[in-house]
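A.B. asks: First, the structure itself, so that you have it in front of you.
What follows draws every value from the coordinates through simple rules; no lab data is involved. Here the structure is a predicted model, which means the values were calculated and not measured. Counting neighbours? That spans all protein chains shown, and the Cβs are built from the backbone with ideal geometry, glycine included.
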Amino acid sequence: MNQVATKKLFQQVACPTENHPGELSWVSLSTVENENWFVNSTLAAAAAKSLHTCLEHTNAQVLAWVLLPDQLQILLQAGSNCCAQEAIRKLKVSTAIAVNKSAHREMGLIGPLWHYNYQIQPVYRRQCAQQVGMNIIRQPQRLGLVDNYCSYPYWNSIWT
């Protein structure tokens, strides 16, 4: 990884002046140049595994996620000690490190994994959270990657 890419990868993201614990956000992260890194099952498994541990020292929570060939979509709940932007930064760094470690064993380092920018959409109505989560995990079926989202290996949700 070059120095500029490394600096961007580990750059601190400032949280808003007010953190809103419990705030829900639908987040979409795209890989650099929309590269289909996650068609490789080793890399996808490394990213998926890191998603389960990257927020363990915060009280932010991933409620639903799906790892598509070139992106990650998550439903994120901010915590009292971790705003959405900080949680996203931790997710990006943790998954990038895990994927690069796995890639290094298989094909050499791939460098920056995630595009610097990401899409974030607030979910204002708490009662819509489960519906948004289900929309997220059904993406592989909508994209034609599988006939039934349950057979797609890289997703999880607190509602299933």
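A.B. asks: Aspartates and glutamates near residue 101 by alpha-carbon distance under 19 Å, same-chain residues fewer than 8 away left out - which ones?
C.D. replies: 35, 70
A.B. asks: Given the -39500 (n - 2.57) contribution per DSSP H run of 4+ residues, what per-residue ellipticity at 222 nm results for the chain, rounded to the nearest 500 deg cm²/dmol? Intermediate values should be presented prior to the final figure.
C.D. replies: Details: 5 runs with 54 residues, N = 160.
After summing the helix terms and dividing by the residues of the chain, the value is -10000 deg cm²/dmol.
A.B. asks: Please report, to two decimal places, log10 I(q)/I(0) for the chain at q = 0.09 Å⁻¹ as given by the Debye formula with identical point scatterers on the Cα atoms and no solvent.
C.D. replies: -0.28
A.B. asks: Another one. Filter the DSSP H helices in the chain by two things, a Kyte-Doolittle mean of at least -1.0 and an axial alpha-carbon span of 18 angstrom or more, and list the hits by number.
C.D. replies: 84-106
A.B. asks: Shifting gears a bit: Based on the mean of other Cβ atoms within 10 Å per residue, sort peptides 129-137, 68-76 so the most packed one is first.
C.D. replies: Highest mean packing first, the order is 68-76, 129-137.
A.B. asks: If you don't mind, another one. How would you rank 65, 26, 159, going from fewest to most other Cβ atoms within 10 Å of each one's own Cβ?
C.D. replies: Exposure proxy ranking, most exposed first: 159, 26, 65.
A.B. asks: May I pose another question? Only counting other Cβ atoms within 10 Å, I'd like 152, 116, 124 sorted with the fewest neighbours first. Each step should come with its number before you reach the end.
C.D. replies: Details: 152 19, 116 12, 124 8.
In increasing order of surrounding Cβ atoms, one gets 124, 116, 152.
A.B. asks: Using DSSP to define loop residues, name the trypsin sites (Lys or Arg not before Pro) in segment 70-121 whose beta-carbon has at most 14 other beta-carbon atoms within 10 Å. Spell out each step's value before the answer.
C.D. replies: Values: sites: 89, 90, 92, 101, 105; in loops: none.
Filter output for segment 70-121: empty list.
A.B. asks: Positive end of the dipole of the chain, charges at C-beta (+1 Lys, Arg; -1 Asp, Glu), about the Cα centre: which of 123, 54, 148 has its Cα farthest in that direction?
C.D. replies: Toward the positive end, the furthest listed residue is 54.
A.B. asks: Evaluate the charge dipole of the chain about its Cα centre and quote only its size in Debye, nearest 20, assuming +1 on the Cβ of each Lys and Arg and -1 on the Cβ of each Asp and Glu.
C.D. replies: So the magnitude is around 120 debye.
A.B. asks: Among 71, 98, 40, flag the residue with its Cα farthest along the positive direction of the charge dipole of the chain, charges on Cβ as +1 for Lys/Arg and -1 for Asp/Glu.
C.D. replies: 98
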